[in-house]
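Written out below as C-alpha cells is the structure these notes cover.
What follows is calculated from the coordinates using simple rules that are stated; it is not laboratory data. All of these numbers come straight from a predicted model, not from anything done at the bench. Cβ atoms come from the backbone with ideal geometry, glycine included; neighbour counts cover every protein chain shown.
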Amino acid sequence: MDKSLNQRIRTLRNLIKNKSYPDSIPRQERLLERFMTEYVSGQNKKREYILFSMIRGVSYEDIMGSYNTDSERGFSYETIAIICLLSKELIQNYDKVSDTRLTENDLVFGYITSFRELLDKSLFSGDNESDITFKIGDKTVPFSVKYMKKKKCTDLVPCEKYMKTYCMNNNCGYSLGLIVKDKKIYLDSFRNEGRAENAVIKKAKDDGYLFDEKDVKEAYIRFQKHIVSKELDTINDIYQWLDKTFLNINRINLKLKFHQYLAIHKFQSNIEEMVHCLAYRPRTGKTIIMLMMALYLLKIGYKRILIMTSVPETIKSFIFELNKYYEFQDIKYKKQNEFHEVSEDFEGIVFCSVQYIKTEYDKKKANLLMCDANIFDECHFHSSNINTYKKFIEVYGDKKIMRIFASGTSDKTENFYNISSKCIYRWDIEQDNYMKNHNILK
C-alpha cells in the first residue's frame, strides 16, 4: 500500500474518531466508500488476502471472479494451489518447503519456518521457474502452476535441467509437479515422444504430481472446511495454527472412501438409537470408521469411549491411525496399561482387550462404568454371550450407554442383541463388485 493511501486512511480514521465529519453527510459516505474500495484493492494484491477470504468462507469461484485480468487470475490460482499443497490437500505429505530461486550455479535450498514467509507477500511474486519446491522423502519436487485455457509450454523443462544438476551435485533424486487449468489438454497435446515437454509432463503424471482445476477446487473445499472449523481470530492465530499443524509434521489428511462415508452418515442419522452394528467385510477400513464414529461421539458430548477387541495386538492399529491423520490429532487416548487411570477428568478414547477387563473384573469395574460409549471390535469372538452381556451391558443398569458392534460376520451379534435393521450398516463383496463395475468405488 502506497504512502499517500496510508495517509488518507489515517486522516479518515481521525475524522471518524473525533467525529469531525465534513458538513455533507453524503460526502462523508463517499469518502468512506472510496477508502474501503482503495483499501480492499491494496489488500487483495497480497497472497494472504486469498487465505483470509478462504477463512471467511468465500467460495473458490468468488475469489477467482474478484480479479479482472487473466494475469491476476493466474496469480490467484497459483496462490490457491500453493495453499492447497502446503495444507497437504493435493499432496499427501512433505518434509520441507522452499521458494528458493532455481539455478544451475551452486543451488542451495533455504527452507521456510512459517507459512507467513510464503503468504505475507505480493500476489505477483514470481521470477522463478518453480512456484514452490518440496522435499519429499529423498526427492526434491519443484512445482509449476499455470492457469491457461490453451496449451502452452510449462516451466518443467528448465526445472528438470536445474534439478539434474542439483541432484548430481548432491547425490539425491528429484521429481516434477505441475498444476494446470485442464490436465487433459496437456496430456493430449504433447504426444511426440521426442519432445522434452512431453517427457516432463509424463514424469509429473507418473509420479502422481499432475493436478488441474478440478483437483484444486476439491482441495480448496476440504481445506476451507478444516480451517473454518478452528474459529481462528487473529492473523497470528492463523499462522501459528498453520505452522503447528502442517510444518515438520508427519500427519496427513484423511480421505474417506465412499463406503466409509456411507457408514458414518447412517450412524449419524441414527444417533438417537443406542445400539448399532458395523457389518463390514474384512479390509474395508473398519478401524477408520470406528474412530470416526468415536470422534463424532466426542464432538456431540460423550466423554469416554471404550474400544474393546478380542486381539490385543489390534490396539496398535487403532493407535497408529490416530497418530497418522489430522482429523484425530485432538483426540486423547489411554492404552490398556493405563486403564486404571481412567477418571472423570479424562475425555477421549480408552483401548483394551475384552479379556483384560474380564480378568480381575471387580477391580476394573469402576473404571469401566465411567465410559459412556462402548465399541466392540470383532464382536463375533467375544460379545454375543451371556457372560459378556452381564459384565459389559447389564452392569450399567438404567444408564444410557452407546453401543457399537463391529464385525465382518455379525449375524450372531445382530440376533443376540436384536439390533434394529436400520442400525445395521452392511458392506460385503456384492456391494464392492457393484461399485467397481460402475467405476465409482474410490
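Which value, in debye to the nearest 20, describes the size of the charge dipole of the chain about its Cα centre when Lys and Arg Cβ atoms bear +1, Asp and Glu Cβ atoms bear -1, and nothing else is charged? Kindly include the intermediate steps, with their values, before the conclusion.
Details: 71 positive and 61 negative charges, 80 e Å.
Its charge dipole is roughly 380 debye.
Which percent, to the nearest 5, of DSSP beta bridges fully inside the chain are antiparallel?
On the way: 10 of 43 bridges.
That works out to approximately 25 percent antiparallel.
Taking K and R as +1 and D and E as -1, what net charge do the other residues with C-beta under 9 Å from the C-beta of ASP120 add up to?
Value of the local net charge: +2.
In the range 153-250, what GluC sites (Glu not before Pro) fall in a loop by DSSP, with at most 13 other Cβ atoms inside 10 Å? List each step's numbers first, then the result.
Working: sites: GLU160, GLU193, GLU197, GLU213, GLU218, GLU231; in loops: GLU193, GLU231.
Taking the range 153-250 and a limit of 13 other Cβ atoms within 10 Å, the loop GluC sites (Glu not before Pro) found are GLU193, GLU231.
If neighbour count is taken as other Cβ atoms inside 10 Å, put LEU210, LEU232 in order from fewest to most.
LEU232, LEU210
Between LEU232 and ILE386, how high is the FRET efficiency from 1/(1 + (r/R0)^6) when r is the Cβ-Cβ distance and R₀ = 60 Å? Nearest 0.05.
Calculated transfer efficiency: 0.70.
Express in whole angstrom the spacing between the alpha-carbon centres of the range 394-441 and the range 70-145.
One Cα centre to the other: 45 Å.
For the range 197-235, which chymotrypsin sites (Phe, Trp or Tyr not before Pro) are both in a DSSP coil and crowded by at most 11 other Cβ atoms within 10 Å?
Loop-located and lightly packed - none at all.
What angle, in degrees between 0 and 90 and rounded to the nearest 10, separates the Cα long axis of helix 235-246 from the longest principal axis of the Cα atoms of the chain?
Between helix and principal axis, roughly 60 degrees.
Restricting attention to the alpha-carbon atoms of the chain, what are Rg (one decimal) and Dmax (integer), both in Å?
27.6, 86
What does the range 60-220 give for Rg and for Dmax, in Å, if only its C-alpha atoms count?
Considering the range 60-220 through its Cα atoms, Rg and Dmax are 15.1, 45 Å.
List, in order, the whole-Hz ³J(HN,Hα) value for each residue of the range 293-301 obtained from phi through the Karplus relation with A = 6.51, B = -1.76, C = 1.60 and θ = phi - 60°; use x for Gly and Pro.
After applying 6.51 cos²θ - 1.76 cosθ + 1.60, I find 5, 5, 4, 5, 4, 5, 5, 9, x Hz.
Between ASP243 and LYS303, what length comes free when the chain is fully extended (0.36 nm per residue of separation minus the Cα-Cα distance, one decimal in nm)?
That pair, ASP243 and LYS303, stretches by 18.7 nm at full extension.
Report, ordered by chain and residue number, the lysines lying within cross-link reach of LYS152, taken as a straight Cα distance under 20 Å and ignoring same-chain residues fewer than 8 apart.
LYS161, LYS181, LYS183, LYS184, LYS202, LYS203, LYS205, LYS214
Please list 3J(HN,Hα) in residue order for the range 108-118, calculated via the Karplus relation 6.51 cos²θ - 1.76 cosθ + 1.60 where θ = phi - 60°; whole Hz, with x for glycine and proline.
Each residue of the range 108-118 in turn: 10, 7, x, 9, 6, 10, 7, 4, 4, 4, 9 Hz.
Restricting to DSSP H runs of at least four residues, report the calculated mean residue ellipticity at 222 nm for the chain, -39500 (n - 2.57) per run over all residues, nearest 500 deg cm²/dmol.
It comes out at -13500 deg cm²/dmol, rounded to the nearest 500.
Go through the range 262-274 residue by residue and turn each phi into a ³J(HN,Hα) via Karplus (6.51, -1.76, 1.60, θ = phi - 60°); whole Hz please, and just put x for glycine and proline.
Couplings: 4, 4, 5, 4, 5, 4, 5, 5, 9, 5, 6, 6, 9 Hz.
Placing +1 on the Cβ of each Lys and Arg and -1 on the Cβ of each Asp and Glu in the chain, which of TYR186, HIS382, THR100 has its Cα farthest towards the positive end of the resulting dipole?
TYR186
Once the other residues with Cβ under 10 Å from the Cβ of GLU344 are scored (Lys, Arg +1; Asp, Glu -1), what is the net sum?
Net local charge, GLU344 excluded: 0.
Express in nm, to one decimal, how much length is gained between ASN323 and ASP411 on full extension, taking 0.36 nm for each residue of separation and deducting their alpha carbon distance.
Length gained, ASN323 through ASP411: 28.4 nm.
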